[in-house]
1. Determine, yes or no, whether residue A:143 is closer than 26 Å to residue A:56 by Cβ, of a type outside the set (Ser, Thr, Tyr) and surrounded by 19 or more Cβ atoms within 10 Å (Cβ to Cβ).
2. Would you check if residue A:172 is within 14 Å of chain B (Cβ to nearest Cβ) and buried (at least 24 other Cβ atoms within 10 Å of the Cβ)?
3. Kindly evaluate residue A:232 against the criterion of being part of a helix (DSSP H, G or I), within 14 Å of chain B (Cβ to nearest Cβ) and either within 24 Å of residue A:5 (Cα to Cα) or touching a residue at least 12 places away in the same chain (Cβ under 8 Å) (or both).
4. Only strands (runs of 3 or more DSSP E) wholly contained in segment B:180-236 count here; list those with 1 or more residues that are polar (S, T, N, Q).
5. So which of B:91, B:108 ends up being more than 10 Å from every other protein chain (Cβ to nearest Cβ), among the polar types (S, T, N, Q) and free of Cβ contacts under 8 Å to residues at least 60 places away in the same chain?
6. Would it be correct to say that residue A:152 is within 14 Å of chain B (Cβ to nearest Cβ), in contact (Cβ under 8 Å) with a residue 60 or more places away in the chain and in a helix (DSSP H, G or I)?
7. Is it the case, given these coordinates, that residue B:70 is out of contact with any helix residue (DSSP H, G or I) (no Cβ under 7 Å at 6 or more places or on another chain) and either within 8 Å of chain A (Cβ to nearest Cβ) or surrounded by fewer than 19 Cβ atoms within 10 Å (Cβ to Cβ) (or both)?
8. Please go through (1) in contact with a helix residue (DSSP H, G or I) (Cβ under 7 Å, 6 or more places away or on another chain); (2) loosely packed, with under 15 Cβ neighbours inside 10 Å; (3) acidic (Asp, Glu) for residue B:160 and return the number of the only condition it doesn't satisfy.
Amino acid sequence: MEYVLFILININMYIVLAVSLNLIMGYAGLISVSHAAFMGIGAYVTTILMVQFGWSFLLTLPAALLFAAVISAIIAVPSLRVKGDHYIVMSFGIQFILTSLLNNLNITNRAMGFAGIPKPSFFGFAFESNFALLFVSLGFMLVCVLFAARLAHAPFGLILKAIREDENATESLGKNVVFYKVAVFVIGCSLAALTGSFFASIVSFIDPFSFTLDESIFISTLAIIGGSGTIRGSIVGVPLLIAFPEILRFMQVPTTVAGPLRLIFYGLLIILFMRFRPQGIIKEY
Amino acid sequence: MLLELKEIEAGYGKKSVLFGLSMNVKEGQMMALVGPNGAGKTTTLRVIAGQIHPNRGSVLFRGKDISQMMPHLVAQNGVSLVPQGSRVFTSLTVYENLEMGGFQIKDSNEFRESLEGIYRLFPVLEERKSQWAGTLSGGEQQMLAIGRGLMSRPKLLLLDEPSTGLAPKVLHELMKTIVAVKEKMNTSILIVEQNVNEVLKVADEAYVMKLGRIVCYEQCAETLLYDDKLRKAYLS
């Protein structure tokens, strides 16, 4: 039972990550491989504030949000002025720098990370059992998804798609393209940071290995296979992709084989999807 | 004068394309800009739309210098560029494409009026309003691109080679509609076109460009068709 709860919590977390990356990548067309780094920023801000400064979980959320928003804006303003695909290379750089910082700064406790992070509490009411934590993650996921869906269906989402297709044409219709690109990047990265905050507190252990390039690429895979440019795609795709490999555990496969098998499964899935259904599970149009 | 270009020098990086180009467009006028390949016609339109900032010279639009303005602000000031190759947003519907052109209009009645005006000009767009723009034919996409540019009711519409990829018969119809745009929407037009025969028949005045300069200005565009000056510009 605990095991199933853990998977469900994981699914909720990954849905928010996939949906927020989808805003950046699927809607605005900014291919980004630094999403896990921003999740890491949120996780570490929350952890350090809770463990070392004794803040309550709820108070760390605005701090994590603000911190990630400022960092992503600092990165976005110069790099998103560049047109075309250069941004993907820049996001590689961002990911490497942030992973390296997490691994080497004293304040992030280097490669050891933090253990025993307090569970989330709201107004003095602490959520301790895994069952309660599932509802915390579910609530968080629903709020984020509703927010993202509103954004995507507002004129904002339409303008992002227009930018993805043709920046010059969008500009000549009177839209400030750089502003919209920076805005969606900051929003998406801030959502990822919030996910990191919840992740740290729910799992109560973090280290730099949870926020590496591999993880960033895995999140992009979730967004693409679910269906880029659709919020629904990420919601439908994530549970399938997270839950399906778990079947291996019930097939009496030894864990040493199950790990590599899982990766092979993902690799095959990506190849098959790109060959037979590049639009993902849910088509944008 | 609606638009005045004075002694424009502009280019891409170190490579200059325009060498002291000057031209005027009057209110309510359809001005044709023709010339051989590489003359700098598209660059001229991009300078006016703010996508390229000139190194020297000024662009006066309704008396205001817009030469160093960001493209989206130029658009908000009433200049609308319809880029070459009918670049509609293929993953949006026809209606959403038009919506993209009209976001600046805050008043919903005004928006609806604008939309109805476009549908009257291009009835086919209303029939296909919920269709993906990518599924339209070439001519329909060009109509959508022009309609999208007109949604914000610009004072000046810049058309870059609307004939690209269109059948001759479709092009003829489109030219007639462009004249209707000028007359019904109270919009001045600056049109760059390779199909000199079609465009000079419907334009009011015309400039001929070559190698980054204006080489000829004609107050009655059609006379150019029977004139040697045009042939010289293309052939010599």
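1. Against the criterion (closer than 26 Å to residue A:56 by Cβ, of a type outside the set (Ser, Thr, Tyr) and surrounded by 19 or more Cβ atoms within 10 Å (Cβ to Cβ)), residue A:143 does not qualify.
2. Values: within 14 Å of chain B (Cβ to nearest Cβ): yes; buried (at least 24 other Cβ atoms within 10 Å of the Cβ): yes.
Yes: the conditions hold for residue A:172.
3. For residue A:232, the condition - part of a helix (DSSP H, G or I), within 14 Å of chain B (Cβ to nearest Cβ) and either within 24 Å of residue A:5 (Cα to Cα) or touching a residue at least 12 places away in the same chain (Cβ under 8 Å) (or both) - is not met.
4. By residue number, B:188-192.
5. On the way: B:91 fails: more than 10 Å from every other protein chain (Cβ to nearest Cβ).
Exactly one of B:91, B:108 is more than 10 Å from every other protein chain (Cβ to nearest Cβ), among the polar types (S, T, N, Q) and free of Cβ contacts under 8 Å to residues at least 60 places away in the same chain, namely B:108.
6. The answer is yes for residue A:152.
7. Yes, satisfied.
8. Unmet condition: (2).
Only the coordinates and a few stated rules stand behind these numbers; no lab work does. None of these values were measured; they are calculated from a predicted model. So basically every Cβ, Gly included, is an ideal-geometry build from the backbone, and we count neighbours across all protein chains shown.
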